[in-house]
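Engineer: This is the structure I have questions about; it appears just below.
A short reminder: the numbers here are calculations on the coordinates, not readings from a lab. Computed from a prediction, not measured in an experiment: that's the story for all the values here. Neighbour counts are summed over all protein chains in view; Cβ atoms, including those assigned to glycine, are modelled from backbone coordinates with ideal geometry.
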Amino acid sequence: AGSGKFFVGGNWKCNGTKDSLSKLVSDLNSAALESDVDIVVAPPFVYIDQVKNSLSDRIEIAAQNCWTGKGGAFTGEISVEQIKDLDCNWVVLGHSERRHIIGEDDQFIGKKAAYALNQNIGVIACIGELLEEREAGKTFDVCFQQLKAFADAVPSWDKIVIAYEPVWAIGTGKVATPEQAQEVHAAVRDWLSKNVSADVASKTRIIYGGSVNGGNCAELAKQEDIDGFLVGGASLKGPEFATIINSVS
Ligand code: G3P
């Protein structure tokens, strides 16, 4: 870990029921959590209110997506204003599942990020390469292009956390090695320094996501440019998520 306060996000994706999330919230409420860590969980939209009303204020809430602008006649969408109305201060954008399964492109994602930041909502901006892109030696190209789309759109970097999530590591149990993750995190920081500013490069948290669990988090957390994690599967288990939060080093 290097820049800023360690940041751990739990992305619950499209998982959970009222009952299972009530159990998860009570496990998180009773867990001993390191104080020097920003903690955010992203429940499915329909459970945000339930989670917000039962979870300790120690943990902030993120939405998993948002609309590109003000609400209105956009069936099935959720506006940033509605997210804020539920006291939710963050949104996850550019997640690989939305890029590759739903088909969101860089420009659409950039538009959402700009709108959210203008409304004072923090953005967890996800980037990451597919396996075939890594194998073709295009990891940096892909990550820099996704980063540039954010950089071209956003009004400021004060409330952005970058999540590097190699797609081949998501939900596969194939975590990136600490060296693989560190190499990309360092390159992302260098890109920020050259293309945004040295100040933004040194202050922006770059977190890693992709098969992080209670067993591999400590080694990853030791890497200089890994400033936290975005956790999927393991964030659905309270005690294991607490172990990951407490891996701050
Ligand atoms: O956003 C977090 C995520 O994509 C990683 O998922 O299940 O591999 O930890 P998982």
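Engineer: Taking a cut-off of 20 Å between Cα atoms, list the aspartates and glutamates near Lys23, but don't count ones fewer than 8 places away on the same chain.
Structural biologist: Cα-Cα hits under 20 Å: Asp49, Asp57, Glu60, Glu240.
Engineer: Expressed as a whole number of Å, what is the distance separating the alpha-carbon centroids of the stretch 182-226 and the stretch 132-174?
Structural biologist: Centre-to-centre distance over Cα atoms comes out at 11 Å.
Engineer: Gaussian network model of the chain, Cα springs within a sub-10 Å range: biggest mean-square fluctuation belongs to which of Pro44, Pro166, Pro155?
Structural biologist: Residue with maximal mean-square fluctuation among Pro44, Pro166, Pro155: Pro155.
Engineer: A further question on this structure: Pop out the ³J(HN,Hα) list for the stretch 197-210 in order, Karplus 6.51 cos²θ - 1.76 cosθ + 1.60 with θ = phi - 60°, rounded to Hz; leave Gly and Pro as x.
Structural biologist: Couplings: 6, 5, 5, 4, 4, 7, 8, 6, 6, 10, 10, 9, x, x Hz.
Engineer: Taking R0 as 30 Å, what FRET efficiency do you get between Asp49 and Gln107 from their Cβ-Cβ distance, rounded to the nearest 0.05?
Structural biologist: With R0 = 30 Å, the Cβ-Cβ based efficiency is 0.45.
Engineer: Continuing with the same structure: Helix-only estimate, please: 222 nm mean residue ellipticity of the chain, summing -39500 (n - 2.57) across DSSP H runs of length 4 or more and dividing by its residues, to the nearest 500.
Structural biologist: The helix-only estimate for the chain comes to -11000 deg cm²/dmol at 222 nm.
Engineer: Next up: Where the only charges are on Cβ atoms (+1 Lys, Arg; -1 Asp, Glu), what is the dipole of the chain about its Cα centre, to the nearest 20 debye?
Structural biologist: 340
Engineer: Pick from Phe144, Phe74, Phe108: which residue has the top mean-square fluctuation in a GNM of the chain where Cα pairs under 10 Å get a spring?
Structural biologist: Answer for the Gaussian network model of the chain: Phe74.
Engineer: What is the calculated FRET efficiency for Lys159 to Cys14, with r their C-beta to C-beta distance and R₀ = 25 Å, to the nearest 0.05?
Structural biologist: 0.50
Engineer: Also: Considering only the stretch 6-245, what is the antiparallel percent among its DSSP beta bridges, to the nearest 5?
Structural biologist: 0
Engineer: At 0.36 nm per residue, minus the direct Cα-Cα distance, what do Ser249 and Lys203 gain on full extension? Give it in nm, one decimal, please.
Structural biologist: Here the answer is 14.8 nm.
Engineer: Give a quick list of GluC sites (Glu not before Pro) in the stretch 183-245 that DSSP marks as loop, anything other than H, G, I, E or B, with at most 14 other Cβ atoms within 10 Å.
Structural biologist: Glu224
Engineer: Expected output is a single nm value to one decimal: the length gained when fully extending between Asp87 and Asp141, i.e. 0.36 nm times separation in residues minus the C-alpha distance. What is it?
Structural biologist: 15.8 nm
Engineer: Further, regarding this structure: Rounded to the nearest 0.05, what FRET efficiency do Lys23 and Asn120 give with R0 = 30 Å and r taken as the Cβ-Cβ distance? Could you check?
Structural biologist: E between Lys23 and Asn120, to the nearest 0.05, is 0.40.
Engineer: Modelled label-to-label distance, Ala73 and Glu183, 7 Å Cα→beta-carbon offset: nm?
Structural biologist: 5.2
Engineer: Separate question: How much of the calculated P(r) for the stretch 6-245 lies past 25 Å, in percent of all Cα pairs?
Structural biologist: 37
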